[in-house]
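Values quoted throughout were computed directly from the atomic coordinates according to the rules given, and no laboratory measurement underlies them. Since the model is a prediction, treat every value here as computed from it, not as a measurement. All Cβ positions, even for glycine, are placed from backbone atoms using ideal geometry, and neighbour counts span all protein chains on display.
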Amino acid sequence: MSANVPATPTPSRTRTFLLALATLLTVLTATLAPTAPASAAEQQPLSTRHPGAEVVAVTQVADRQVDLSVRSPSLGGRTVNVRLLTPDGWNPHDRRHRQNWPTLWLLHGCCGDYTSWTSRTDVAEIAGLRDVLVVMPEAGWNGWYSDWWNHGRGGDPAWETFHTKELRHLLERDWGAGRDRVVAGLSMGGQGALLYAARHPGMFKAAASYSGSAHPLLNTESVDRILGLFAGQNNDPLRVWGDPVAQRRVWESHDPFHLANRLRSLPVYLSCGDGTTGPLDAPGSVSALEADFERQNLALAAELRRVGARHLTTHFYGPGTHGWAYWERELHASLPMLLGALG
């Protein structure tokens, strides 16, 4: 008698059996296993999945004037504006031809904003700027072009990081900015221009400061004055750079006088009045702030010469207060130097 031998399963039956088994195991696993947590990317808020600043709105405000609304991680996710004065032929969205325009960063002062230069001067009518992309970024009513110390915690606001990293990369990637840059500013922005040129070697080819805070550690009067400016918007004045004694290193790292060695190879333009009534002032006008800033700028100029600065231009014009008429004039006076550095 022959033994009963089970029939060998066909390949098609084997595949059907394995598919059914796999389906059963999948159902059992999903039913019995605890729910798996979401991936790290799924758990992150949308704002952190794509780090870096982003343009969230674009507004054409006038001929050759475009405002970018930029959301910045360095500013706690807030959105601030940047005004561009665009050159003739500017069309960064034409992907057939990459644009790399030479760039002038123009920084506003305390109590101003990104619109100050176009609203208070004739910068939009200057013929020499029709071949240059002019960048006028928001820097806070009282931001001081710094990553605030915030009692050792850092964080928001980080204006320096926003400008020199986030905005710079954004403009070069999407808005036609090239890598040849110069920087100029007034008052708080004059200090910012010197700081950025010194603290970021190679980023700017020249710097101009008009009535800038050039040596805030000059003396007790200068320290007290800038602390008063730091506190000007109901801020804790120690949030910006800390205490001038306990955080002396932080202060020195934001004082152009103490960074003079880093500026010695760059073309630098310094200008300031002496605070008395000048030709562009109303009768009887005086400015203790301008007088203080002149002393600071004289000290910086002397230090730059001491360390061997090769391309220093100064215009200490005597009578004149802390006002836009002088800063507009000084912009015109410094443009040959600035544009020459751009080549």
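Placing dummy labels 7 Å off each Cα toward the beta-carbon, the span from residue 66 to residue 305 is 4.5 nm.
Applying both filters, DSSP loop and at most 11 other Cβ atoms within 10 Å, to the trypsin sites (Lys or Arg not before Pro) of the stretch 89-120 gives 95, 96, 98. Our summary of shape: the Cα atoms of the stretch 238-341 have principal axis extents of 43, 36, 22 Å, ordered from largest down, in whole angstrom. The string of couplings for the stretch 98-104 from the Karplus curve (6.51, -1.76, 1.60, θ = phi - 60°) is 6, 9, 9, 6, x, 10, 10 Hz, one whole number per residue in order, with x for Gly and Pro. Scattering from the stretch 145-211 was approximated by placing one identical point on each alpha carbon and applying the Debye formula without solvent; log10 I(q)/I(0) at 0.11, 0.24 1/Å stands at -0.28, -1.08.
Working from Cα pairs under 8 Å separated by at least six residues, relative contact order for the stretch 56-342 is 16 percent.
Of all DSSP-defined beta bridges confined to the chain, some 45% are antiparallel rather than parallel. Taking a span of 18 Å or more along the helix axis (Cα atoms) and a mean Kyte-Doolittle hydropathy of at least -0.5 as the rule, the DSSP H helices of the chain that qualify are 11-32, 288-306, 324-342. In the chain, the ratio of gyration radius to Kirkwood radius, Rg to Rh, stands at 1.27 when only Cα atoms are counted. For the stretch 68-77, 3J(HN,Hα) computed residue by residue from phi via the Karplus equation (6.51, -1.76, 1.60; θ = phi - 60°) reads 9, 8, 10, 8, 10, x, 5, 10, x, x Hz, glycine and proline entered as x. Put in order of Cβ neighbour count within 10 Å, fewest first, the listed residues 196, 210 become 196, 210.
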